[in-house]
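The values are calculated or read from the model by the stated rules, or taken from the named source; none is laboratory data. All figures in this text were calculated on a predicted structure; none of them were measured in a lab. Every residue, glycine as well, gets a Cβ built from its backbone with ideal geometry; the counts of neighbours run over all protein chains shown.
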Amino acid sequence: MKSKIHEHQNTNSKNVSKNNLLFDFTVDKVAKTVFITREFDADLSLVWDAFTKAEILDQWVAPKPWTSKTKYMDFKVGGRRFYAMVSPDGKDERWAIQKYTSISPKTNFKLFNAFADKDENPQLPGSDWDYTFREQNGKTKVSIIIYNESLARMEKMIEMGFTEGFKMSMNNLENLLASLSKK
């Protein structure tokens, strides 16, 4: 079922994961912004690596049964990640390119994200992503703000199943972190 987004109001879903961890997902159509807060039962270093190292990122970021394939990733200011979400049969690849615009190790990073073709040509407009990481009492809270340059792009993201897919990805990450940290 697709998410409903109302013209002048927010849609907000506060969920608790299976381990009673915070998961807040808010779409503000007027501001063309998505706000996500997700708590993980893992230490900050591991959660940071899960978002910044391709070999870990590709294990969780695609909603199942899709997979993620990173062609290259250079995690530094000005560096880029070029990757695809790949359908289960391998016939459909949805490419995107990200450019890292700011990095404060283990605290925050920002990037510009745009859909792209397989030859790395961005399909503008794109979106600005701002990730903030905070550890408290052995848990790590990740806050993500996604600002879209256009309402049409945000609506396309939502139409493509972004809300459901992102929630599935966060659950994939929770499971991966549990197996990596053996908590």
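Worth pointing out:
- Looking only at segment 137-183, residues that are in a helix (DSSP H, G or I) and within 23 Å of PRO125 (Cβ to Cβ) come to 15 in all.
- Neighbours by Cβ (under 7 Å, 6+ apart or cross-chain): first from segment 82-98, over 15 Å from ALA116 (Cβ atoms); second surrounded by fewer than 15 Cβ atoms within 10 Å (Cβ to Cβ): PRO88/PRO65
- The one condition in (1) in contact with a strand residue (DSSP E or B) (Cβ under 6 Å, 6 or more places away or on another chain); (2) over 16 Å from ASP117 (Cα atoms) that ASP49 fails to fulfil: (1)
- Taken over segment 113-128, residues that are exposed (fewer than 15 other Cβ atoms within 10 Å of the Cβ) and either under 14 Å from MET85 (Cβ atoms) or of a type in the set (D, E, K, R) (or both) amount to 4.
- Scanning segment 72-86 for residues that are closer than 20 Å to GLN123 by Cα and either out of contact with any strand residue (DSSP E or B) (no Cβ under 8 Å at 6 or more places or on another chain) or not in a strand (DSSP E or B) (or both) yields GLY78, GLY79.
- Whichever residue in segment 1-27 is loosely packed, with under 12 Cβ neighbours inside 10 Å and within 28 Å of GLN59 (Cβ to Cβ) and, among such residues, is modelled with the highest pLDDT: ASN20
- Qualifying residues in segment 60-74 (those that are of a type outside the set (Phe, Trp, Tyr), surrounded by 15 or more Cβ atoms within 10 Å (Cβ to Cβ) and more than 13 Å from the chain's Cα centre (by Cα)) - the one nearest to ASN175 (Cα to Cα): THR67
- Yes/no for ASP89 being within 30 Å of GLN136 (Cα to Cα), acidic (Asp, Glu) and modelled with pLDDT of 95 or more: no
- Number of the condition not met by VAL30 [criteria: (1) modelled with pLDDT under 95; (2) not in a loop (DSSP other than H, G, I, E, B)]: (2)
- Residue match in segment 70-81 (condition: closer than 23 Å to VAL27 by Cα and touching a residue at least 24 places away in the same chain (Cβ under 8 Å)): no
- Segment 113-136, residues that are assigned to a strand (DSSP E or B) and over 30 Å from PHE40 (Cα atoms): ALA116, PRO122, GLN123, LEU124, PRO125
- Of the candidates LYS110, LYS69, the single residue that is among the basic types (Lys, Arg), closer than 25 Å to LYS141 by Cα and in a strand (DSSP E or B) is LYS110.
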